[in-house]
Structure formats: structure tokens, C-alpha cells
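The values are calculated or read from the model by the stated rules, or taken from the named source; none is laboratory data. The model shown is predicted, which means the values in this text are computed figures rather than measured ones. In this analysis, Cβ positions are derived from the backbone assuming ideal geometry, glycine residues included, and neighbour counts consider all displayed protein chains.
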Amino acid sequence: MKAMVCVDKLQPLVLQEVATPVAGEGEVVIALHAAALNHRDWWIQQGMYANLRYPIILGSDGSGIVSAVGEGVSNDWIGRSVIINPGMHWGDNPNFHSRNFSILGLPNDGCFATHVKVPASYIHLKPAYLSWEEASAIPLAGLTGYRALFTKGQLQPGDNVLITGIGGGVALLMLQMAVAIGANVYVTSGSDEKITRAIQLGAKLGVNYKTSGWHKLFQAAVEGFDVIVDSAAGDGFKHFIDLAKPSARIVFFGGTQGAITNINPQKAYWKQLQILGTTMGTPEEFKAMIQLFEKHQIKPVIDAVLPLESAEQAIRKMDDNSQFGKIVLKIEG
Ligand SMILES: NC(=O)c1ccc[n+]([C@@H]2O[C@H](COP(=O)([O-])OP(=O)(O)OC[C@H]3O[C@@H](n4cnc5c(N)ncnc54)[C@H](OP(=O)(O)O)[C@@H]3O)[C@@H](O)[C@H]2O)c1
């Protein structure tokens, strides 16, 4: 099969002919039609991720047609259109994943290829209203965003929620989910143009985080946030303590801007704030996330669709945060 392989850290992805995977017991092989990028693929290529191994086929998100099933898997799956839950072996505790938890695309080969092999328990029927490209754009980011907003953030209709860095893949899906349930959504971005586009998607107000004193603009306009969801961390995180309503939830799942610094502990505990880390989500949250998308017919925002062979060009689009929404690879066998 054809695959875009990450041969070593800091090396461009290269097109290679590699062995097509064979379905083992309990597994399926999927002939992929589309795959989507996540920031995770960028971190792995940069060599900045735990338990690295090279060569590796990146790509946690994919959609396609089941082409083969292994022992113990119903033949009825063959020919079905599916998406993949990339969060595997979560375990029994909904609060924390097991030691065996893994994400498709490291350590196991992922979706930047014509075929991928996964355990059958992680495939789900592709929502019929979505194109291949749209369906591939949802799984990892949708799952992460769903757990962050609803399980951790306890977001309710009518709540004020701040979503930072709205150009990001997870951030935009959170915007769409939060708008769909009737929350009041506010955003930050480093780009005024992205803020304008977020408002077109239902956000009430956006502020550019590059503006000095950006948090004061929110303090003047909003009485406070019930939920704040962030993946940048860094020095700007401290402002969330001031922006949060008493007993609010501040949820984070990334550290793009580095260490969180200078949090005023007195303000945080006096307001009885909950500061919550989160990662991916459970199989039940994955199902609930897909149901939410289907109920509201949410279509993910796609920044660009490139052919599989342009995966290196696609990943470079993440170097400068210029994207608005998901970057997707179209795969033709
Ligand atoms: N723990 C998990 O389970 C999990 C899951 C998914 C992602 N993540 C992490 O979450 C982060 C985002 O992932 P992604 O795939 O959504 O990335 P992405 O699509 O590449 O987006 C990254 C976004 O970060 C935003 N950003 C950059 N500097 C910022 C700042 N100072 N303040 C606020 N936002 C800033 C940018 O937003 P603007 O362009 O609007 O400025 C950019 O679009 C990454 O660090 C990723 O590794 C973690």
C-alpha cells in the first residue's frame, strides 16, 4: 500500500510503498478515503512526544470502507463506511485511562496511508450526512472537546464559555458543539480574521490574545465565564482566574505555549475554582459525541483538503497556526 511515512524526527514525511496490514483476530482493515491532521502529528514529527518510534505512519483520524475482517469479527462489516475512535484501551475507570491506553498513529501505524488496521471495537458507522473528509475531521478533536466541555466543564445551555485559540481543530469543534446546545460562546485568537469567522459560526464576541490587556476587554463585556477551555497554557493562563465566575471550571488539554505561570492561589481558592486537566475520552464519550453531531447535523470546519501525497505540505500548515479548522488528506487507493 501507499503510505506517507515519518522516517525520523525533524524529517519530512515521505511517500513509501509498504506492506498492506492484515487483519488479525478481532481486527479490521479499512481502505481509507480521508484522514485528518491533529497537532499531535506535528509534535511527533518534531520529536516532542512521549514514547516515540520511527519509522511511523502518523494520523489518528480516518474514514473509509472496511475491506477485510479478522477472526471473530462479523463479515457484515465488510463494505461498510466507518470512522475510527482513535482512543484505544481506555479501561474501566471513566475518570482516568488505563496504562494500556494508546492513540492511533503512535505507537501503532495510523491513517496517512491507503489502509489502516484497527481493533473492530473502535470502528463506528460513518454519519451519513458527512462527506469522507468531514467524517475524518471529527474523531480525535471531537472526543477531546466533548469530554472537556461536558464531562469536565459540565457545560449547560445558557452558560458563558470561553474557548481559546479558536483557529485550532479542537477549539472549533468545541465552538460548534457549545453553540449547538445553546451556550454563549466567547473566543480568543491571534487573528482578527479568525475571530470574525468564529462570530459567523455563532460566537458572541472574540478578543485577539496578542492585544495587551486582552482579558480586560472580556471583563468589560461579560459578567464572567462558567467554563473556560484552553489548550495553550503558558503565561496567559493566569488571566482565566480573573475571568472565571465563582465555582467555574477551567479545563485544559494542551500546553502549546508552555508552562502555566503566576497563578494567584488566593484568588483561585477564594473563588472555589476547579482547574481540570483532560485528555481524549472514553468509548462512551465518543458515542455521545457522535450522537451530538448527528442530532444537530454539525459539519466540521475544514481548512484545506490535500492529496495524501501532500501530507508533508499539510503538516507544514501547522507551523504558523495559519489554519482555521481541520486539515484533511484525501486518499485515493
Ligand atoms: N490532551 C489531549 O487529549 C489533546 C487532544 C487534542 C489536542 N491536544 C493539544 O491541544 C493543542 C491544540 O491541538 P489542535 O489539534 O486543536 O491544534 P491546532 O489545530 O494545530 O491549533 C493550534 C491552535 O493553537 C492556538 N494558539 C496558539 N497560541 C495560542 C495562545 N497564545 N493562546 C491561545 N491559543 C493559541 C492557535 O489558535 P489561533 O490560530 O486562533 O490563534 C492555533 O490555531 C495542541 O497542543 C495539542 O497537542 C491535546
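I'd like to verify a number: residues in the stretch 237-253 that are out of contact with any helix residue (DSSP H, G or I) (no Cβ under 8 Å at 6 or more places or on another chain) and not aromatic (Phe, Trp, Tyr), how many?
Within the stretch 237-253, residues that are out of contact with any helix residue (DSSP H, G or I) (no Cβ under 8 Å at 6 or more places or on another chain) and not aromatic (Phe, Trp, Tyr) number 6.
Determine whether Ala259 is more than 16 Å from the ligand (Cβ to nearest atom), more than 17 Å from Ala171 (Cα to Cα), assigned by TED's automatic domain parsing to the domain that holds Tyr146 and surrounded by fewer than 17 Cβ atoms within 10 Å (Cβ to Cβ). Reasoning before the result, please.
Values: more than 16 Å from the ligand (Cβ to nearest atom): no; more than 17 Å from Ala171 (Cα to Cα): yes; assigned by TED's automatic domain parsing to the domain that holds Tyr146: yes; surrounded by fewer than 17 Cβ atoms within 10 Å (Cβ to Cβ): yes.
Against the criterion (more than 16 Å from the ligand (Cβ to nearest atom), more than 17 Å from Ala171 (Cα to Cα), assigned by TED's automatic domain parsing to the domain that holds Tyr146 and surrounded by fewer than 17 Cβ atoms within 10 Å (Cβ to Cβ)), Ala259 does not qualify.
If you go through the stretch 238-251 one residue at a time, do you hit one that is part of a loop (DSSP other than H, G, I, E, B) and either away from the ligand (no atom under 16 Å from the Cβ) or closer than 30 Å to Leu130 by Cα (or both)? Talk me through it step by step, then tell me what you get.
Start the filter on the stretch 238-251 by keeping residues that are part of a loop (DSSP other than H, G, I, E, B), which leaves none.
For the stretch 238-251, residues part of a loop (DSSP other than H, G, I, E, B) and either away from the ligand (no atom under 16 Å from the Cβ) or closer than 30 Å to Leu130 by Cα (or both): absent.
Looking at (1) surrounded by 15 or more Cβ atoms within 10 Å (Cβ to Cβ); (2) on the phi > 0 side of the Ramachandran plot, find the lone condition where Gly213 falls short.
All conditions are met except number (1).
Can you tell me how many residues within the stretch 165-188 are more than 14 Å from the ligand (Cβ to nearest atom) and among the polar types (S, T, N, Q)?
Residues that pass the stated criteria total 1.
Against the condition out of contact with any Lys or Arg (no Cβ under 6 Å at 6 or more places or on another chain), among the small types (Gly, Ala, Ser) and more than 22 Å from Asn264 (Cβ to Cβ), how does Gly234 come out, does it pass? If you could, list the steps in order and put the result at the bottom.
Working: out of contact with any Lys or Arg (no Cβ under 6 Å at 6 or more places or on another chain): yes; among the small types (Gly, Ala, Ser): yes; more than 22 Å from Asn264 (Cβ to Cβ): no.
Judged against the criteria, Gly234 is not a match.
Would you please name the residue that is surrounded by the fewest Cβ atoms within 10 Å (Cβ to Cβ), looking only at residues in the stretch 48-62 that are of a type in the set (Gly, Ala, Ser) and within 14 Å of the ligand (Cβ to nearest atom)?
Among residues in the stretch 48-62 that are of a type in the set (Gly, Ala, Ser) and within 14 Å of the ligand (Cβ to nearest atom), the one surrounded by the fewest Cβ atoms within 10 Å (Cβ to Cβ) is Ala50.
Answer with yes or no whether Gly79 is within 16 Å of the ligand (Cβ to nearest atom), on the phi > 0 side of the Ramachandran plot and of a type outside the set (D, E, K, R). Walk me through it before giving the result.
Values: within 16 Å of the ligand (Cβ to nearest atom): no; on the phi > 0 side of the Ramachandran plot: yes; of a type outside the set (D, E, K, R): yes.
No, not satisfied.
Among the residues of the stretch 121-143, is any of a type in the set (Lys, Arg), more than 19 Å from Ile228 (Cα to Cα) and at pLDDT 95 or above? Break it down into steps so the answer makes sense when it comes.
Initial filter on the stretch 121-143 (of a type in the set (Lys, Arg)): 126.
With the extra rule that they be more than 19 Å from Ile228 (Cα to Cα), the set shrinks to 126.
Subset that is at pLDDT 95 or above: 126.
Among the residues of the stretch 121-143, at least one is of a type in the set (Lys, Arg), more than 19 Å from Ile228 (Cα to Cα) and at pLDDT 95 or above, which makes the answer yes.
Can you say whether Lys271 is among the basic types (Lys, Arg), in contact with a strand residue (DSSP E or B) (Cβ under 7 Å, 6 or more places away or on another chain) and without any contact (Cβ under 8 Å) to a residue 60 or more places away in the chain, as far as the supplied structure shows? Don't jump to the end; show me each part of the working.
Values: among the basic types (Lys, Arg): yes; in contact with a strand residue (DSSP E or B) (Cβ under 7 Å, 6 or more places away or on another chain): yes; without any contact (Cβ under 8 Å) to a residue 60 or more places away in the chain: yes.
Answer is yes for this residue.
Given the criteria surrounded by fewer than 20 Cβ atoms within 10 Å (Cβ to Cβ) and either in the same structural domain as Gly165 (by TED's automatic domain parsing) or more than 22 Å from Ala180 (Cα to Cα) (or both), does Ala268 qualify?
Values: surrounded by fewer than 20 Cβ atoms within 10 Å (Cβ to Cβ): yes; either in the same structural domain as Gly165 (by TED's automatic domain parsing) or more than 22 Å from Ala180 (Cα to Cα) (or both): yes.
Yes.
Do you know which residues across the stretch 125-159 are hydroxyl-bearing (Ser, Thr, Tyr), closer than 17 Å to Gln291 by Cβ and more than 13 Å from the ligand (Cβ to nearest atom)? Please lay out each step first, then the result.
If we filter the stretch 125-159 for residues that are hydroxyl-bearing (Ser, Thr, Tyr), which is where we start, we get 129, 131, 136, 144, 146, 151.
From what's left, closer than 17 Å to Gln291 by Cβ: 129, 144, 146, 151.
Scanning the stretch 125-159 gives a single hit, Tyr129.
When the residues of the stretch 169-191 are filtered to those that are within 15 Å of Asp303 (Cβ to Cβ) and not in a loop (DSSP other than H, G, I, E, B), which remaining residue is modelled with the lowest pLDDT?
Applying the filter and picking the extreme gives Gly169.
Under 9 Å by Cβ, and 6 or more places apart or on different chains, what pairs join a residue from the stretch 204-231 that is farther than 16 Å from Gly158 by Cα with one that is loosely packed, with under 14 Cβ neighbours inside 10 Å and small (Gly, Ala, Ser)?
Val207/Ala221
Which condition number in (1) surrounded by fewer than 16 Cβ atoms within 10 Å (Cβ to Cβ); (2) within 21 Å of Met280 (Cα to Cα) is the one that Ile250 fails?
Answer for Ile250: the failing condition is (1).
When only residues in the stretch 12-32 that are assigned to a strand (DSSP E or B) and of a type in the set (A, V, I, L, M, F, W, C) count, which is surrounded by the most Cβ atoms within 10 Å (Cβ to Cβ)?
Taking the stretch 12-32 first, the residues assigned to a strand (DSSP E or B) are 14-17, 27-32.
Subset that is of a type in the set (A, V, I, L, M, F, W, C): 14-15, 28-32.
Values: Val14: 13, Leu15: 14, Val28: 27, Val29: 22, Ile30: 27, Ala31: 16, Leu32: 29.
Result: Leu32.
Can you tell me how many residues in the stretch 28-59 are among the small types (Gly, Ala, Ser) and in contact with a Pro (Cβ under 6 Å, 6 or more places away or on another chain)? Walk me through it before giving the result.
Going through the stretch 28-59, the residues among the small types (Gly, Ala, Ser) turn out to be 31, 34-36, 47, 50, 59.
When the remaining residues are screened for being in contact with a Pro (Cβ under 6 Å, 6 or more places away or on another chain), the result is none.
Within the stretch 28-59, residues that are among the small types (Gly, Ala, Ser) and in contact with a Pro (Cβ under 6 Å, 6 or more places away or on another chain) number 0.
Looking at Lys194, Lys204, which one is modelled with pLDDT of 95 or more and either within 20 Å of Leu37 (Cα to Cα) or within 11 Å of the ligand (Cβ to nearest atom) (or both)?
Details: Lys204 fails: either within 20 Å of Leu37 (Cα to Cα) or within 11 Å of the ligand (Cβ to nearest atom) (or both).
None of the other options fit; the residue is Lys194.
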